[in-house]
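Worksheet: one structure, shown below.
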Amino acid sequence: MDTTHEEEQRHLSEVYATICSLHDELTRDLEQRHATAAKDLRDLSEELRPDTAGIEADEAMETLAAIETLNAVIDAYNQRHDFALERLSRILVLMRQPYFAKVRLKMRPGRPARDVYIGAVGLTDRDRTPLVVDWRSPVAETYYKQENGPTSFTVDGRVRNVELELRRQFDIERDVLRMYFDTTVAIEDSLLLGALKRHHSEKLQAITSTIQREQNEVVRHEDVPAMLVCGVAGSGKTSVMLQRIAYLFYRERKSLSPDQVYLFTPNAVFGNYIDSVLPSMGEANPQVFTWRTFVANQGLGDRDAGAHASVASLQRLEQLVGQIEVETQDMREVKVDGIVLLKAAQAKSALDKFSRFPIGPRRLALTRDELHLRLERRLGQLSRHSDMQEEMLGLDVDEQVEIFGETVSPEDERETIELTKRYVAHRFAQAHDDIDDLSWLRIDRIGSRMLDGQSLNATEWLWLRLLLTGEGIKGARYVMIDEVQDYSLAQLMLLSRYFGRAHFLMLGDEHQAIREGTATWDEIHKVFTASHGSVTELALRTSYRSSPEITAMFSSLLSDEERGTLSSVRRAGVMPAVVSFEDAEEYVCYLQGLVGTEQDRAGLCAIVTADPRRAAWLAKQLGDGVQTIGRGDALPASGVVLLDLALAKGLEFDHVVIADAQDWVYGDDELSRRKLYTALSRAMHEVTVLSQGKLTPLLDPYMAAQEGEASA
């Protein structure tokens, strides 16, 4: 009889019962508050007159005061309701799994050790006694350090030295304790090994319970201006990035909101794949972009996204920006609803007023201020026009309340003019935004002259606007870039300045750069050292995705030195299959048979091609047996999918079929090596390599090693 298991099950049952009790209590409380609030709102609403037309001014004011009271009641109710819902969301997370680990810590010599249970979120009971400690809390760091005996954690900048007497992991589902493990060494992490056996899921899962020591160093690292994480294929880079975001939300809960965090993903398929991780930990997703959606969000979706912009173009724009001569034709009118408020010539004269300064942030800031003043004078003139005054006087009650906060009835011409000024300011408020946004300046026309007639792509346009104004996105505090090795130097130069006030976390693998002309690690260091002062570099060298057999295959594409630093913690699996076909019909027949077999198996099989054209051709050959994945599509939980390598970036599958491993697709060159490395490393359990013709020479060392082992 395992008395430890019985004791832990009893504790789990008690905690779960408390969680369920808190859930029921909070649900009842929410229902009661909702009913009470609904009654209060009905009572208050019945006291209001729905239509204030034709009533005396005093009565109208009383009605408006009652509306304000009603709004205050609604705001107070919403605040209490949101707080209760946040607590309920934490409870719902814990009802799936109350906790996943426990540490026994001796906080002070001579005092009894204390048991701390760690879960995806924290929760206290009615007496505010901790039931479960959030994995991001300082004391939980002792679990992730995996150091029995003397260890430490940091609270509010102070290091607390403690002794870790026990580190226990649990396999729990709701109120059932399946197993427990006492472990200290990362590679013997039983929960990790159990998790690695599982099949692919259509959504990336949180790794909260299985974060390893090297991953924890990234997740809990002190805040730095720029961090670059170099991780081998399958080392959990994306998962670590999401855990880092969750950690930042926890640590800066009072000051950091999701809209201040920008996450760049390689494609929309990948964005769909990761979108449930943070919500599963009770956190909201940050702002998620691909490069294309980012430039579209800046109003540039109708042009070349600039992924291949040249550094030379950016440098030329920077060299010439202070020397350009702005012409009247470079200006636009400022107008709203077809009414011209400022002419192009007026914008030009405002710019010329500060000609003692070169074109740049200072001159543009002064010009904006001048345009705002001229706009105010223009709006003042409009407020004296009889047609505008008639428009103001013709407003209905609802419009008056919206604009003025009350009903109005001017008694003389002076009051009419003053109210018309407020009306005009409201109606043409967009014009002030247009001035701030430089809509009066034809940036394309200016930039095209600077680049000898060349049209500006999105990267060049944003860069020139940045040079002119010195302004990027001010509200961003953190920018996360996944698969950073796929960004060009020009893209990273723009991001480093456009988010100049934000801290960066960049994750990638140089060996997975599948496009020509992307930035090297040295170039990334130079760019962000110049913009942020320094770059902190960390490494993830352990592969958790692929079996040792698959890891051996893709690591054969690395140098001897690099191969020596890479390791897999998975248990032995299936040897990769390599098959070449001279006959196209035989090749297609083999693939069709493979698809039929995979449809009857658990897990997800991916047929990966080097480019979209090959994927389109195979889709016709394989028919309905496969699901072709396009941009923005979500992955299924099982079956067979067909996609090109660019869309497979960052994803993982139970079985990967490299469908075009022939020598004319993957030649003996550096870019082909990186592409093949990326494609092979998507696999978790099985790899099948097919070539329609002669096999790529990149696999010759691997094939020779396998033949040598077989003959030995």
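A few points about this structure:
- Cleavage-rule hits, GluC sites (Glu not before Pro), the range 474-524, DSSP coil, Cβ neighbours within 10 Å at most 10: Glu516
- Antiparallel bridge percentage (DSSP; both residues within the chain; nearest 5): 40 percent
- Crossing angle, helix 458-469 versus the chain [Cα axis fit, 0-90 degrees, rounded to tens]: 50 degrees
- Dipole size of the range 536-580 about its Cα centre, with +1 on Lys/Arg Cβ and -1 on Asp/Glu Cβ: approximately 280 debye, rounded to the nearest 20.
- Backbone geometry of the range 215-226 corresponds, through the Karplus equation with coefficients 6.51, -1.76 and 1.60 at θ = phi - 60°, to 3J(HN,Hα) couplings of 5, 4, 4, 6, 4, 9, 4, 4, 5, 10, x, 8 Hz, x marking Gly and Pro.
- Cα gyration tensor category, rounded, prolate or oblate, for the chain with a/c compared to 1.5: oblate
- Per-residue packing, averaged as other Cβ atoms within 10 Å, sorts the ranges 12-20, 671-679, 543-551, 410-418 into the order 543-551, 671-679, 12-20, 410-418, beginning with the highest.
- Relative contact order of the range 522-595, pairs being alpha-carbon contacts under 8 Å that are 6 or more residues apart, as %: 28 percent
- Calculated mean residue ellipticity at 222 nm for the chain: -14000 deg cm²/dmol, from DSSP H runs with n ≥ 4 weighted as -39500 (n - 2.57), summed, divided by the residue count and rounded to 500.
- Global form of the range 210-275, assessed from the alpha-carbon gyration tensor, a/c cut-off 1.5: oblate
- Cross-link partners of Lys102 among lysines (Cα-Cα below 24 Å; sequence separation of 8 or more within a chain): Lys145, Lys197
- When only alpha carbons are used to place a centre, the range 274-338 and the range 420-457 end up 14 Å from one another.
- Among Gly282, Gly157, Tyr143 the positive-end extreme of the charge dipole of the chain (Cβ point charges): Gly157
- Think of the chain as a dipole: +1 on every Lys or Arg Cβ, -1 on every Asp or Glu Cβ, centred on the Cα centre; then among Thr536, Gly517, Val626, Thr536 lies furthest on the positive end.
- Only one residue of Gly301, Gln400, Ala704 has its Cα farthest out toward the positive end of the dipole of the chain, where Lys and Arg carry +1 and Asp and Glu -1 on Cβ, and that residue is Ala704.
- Around the amide H of Val288, modelled in the peptide plane, lie the amide H atoms of Leu263, all under 5 Å away and 5 or more residues distant in sequence or on another chain.
- HN-Hα J in Hz across the range 678-694 - Karplus 6.51, -1.76, 1.60, θ = phi - 60°, x for Gly and Pro: 5, 5, 5, 7, 6, 8, 9, 10, 9, 9, 10, 10, 10, 10, 9, x, 5
- For Gln627, the residues whose amide H sits under 5 Å from its own are Val640, Val641, Leu642, ignoring neighbours fewer than 5 places away on the same chain, with H placed 1.01 Å from N.
- The range 116-132 - phi-based ³J(HN,Hα) in whole Hz, Karplus 6.51/-1.76/1.60, Gly and Pro as x: 10, 9, 10, x, 5, 9, x, 7, 10, 7, 5, 8, 6, 8, x, 8, 9
- The range 480-544-the range 554-607 distance, computed between alpha-carbon centres (Å): 30 Å
- Rounded to the nearest 10 degrees, the angle from helix 612-622 to the longest Cα principal axis of the chain is 60 degrees.
- Solvent-accessible ranking of Lys353, Lys694, largest area first, probe 1.4 Å: Lys694, Lys353
- For a straight C-alpha distance cut-off of 24 angstrom, the lysines reachable from Lys254 (same-chain residues fewer than eight places away being disregarded) are Lys474.
- Between 0 and 90°, nearest 10: helix 361-382 axis offset from the chain longest Cα axis: 40 degrees
- For Val336, the residues 5 or more places off, or on other chains, whose built amide H falls under 5 Å of its own are Leu341.
- Straight Cα distances below 16 angstrom link Lys343 to the lysines Lys335, Lys353, with same-chain residues fewer than 8 positions distant left out.
- Per residue, the average separation of C-alpha pairs within less than 8 Å and at least 6 apart gives the chain a relative contact order of 13 percent.
- The dipole here belongs to the chain: it is taken about the Cα centre, uses +1 on the Cβ of Lys and Arg and -1 on the Cβ of Asp and Glu, and is about 2060 debye.
- Accessible area per residue for the range 537-659, computed on protein heavy atoms with a 1.4 Å probe, is 43 Å².
- For His655, His503, the ranking by accessible surface with the largest value first comes to His503, His655, using a 1.4 Å probe.
- Global geometry of the range 547-602, whether rounded, prolate or oblate, following the gyration tensor of its Cα atoms and the 1.5 cut on a/c: oblate
- Distance between the C-alpha centres of the range 366-398 and the range 643-664: 61 Å, rounded to the whole angstrom.
- Charged-residue dipole, Cβ positions (Lys, Arg, Asp, Glu), the range 417-484 about Cα centre, Debye nearest 20: 360 debye
- Spacing of the modelled spin labels on Arg160 and Asp437, each 7 Å from Cα toward Cβ, amounts to 5.0 nm.
The values are calculated or read from the model by the stated rules, or taken from the named source; none is laboratory data. Just so you know, these numbers come straight off a predicted model, no measurement behind them. Positions of Cβ are backbone-derived with ideal geometry, glycine not excepted, and every protein chain shown enters the neighbour counts. Note: accessible area is taken over every heavy atom of the protein model, side chains too, but ligands, DNA and RNA are not part of it. Shrake-Rupley method; radii C 1.70, N 1.55, O 1.52, S 1.80 Å.
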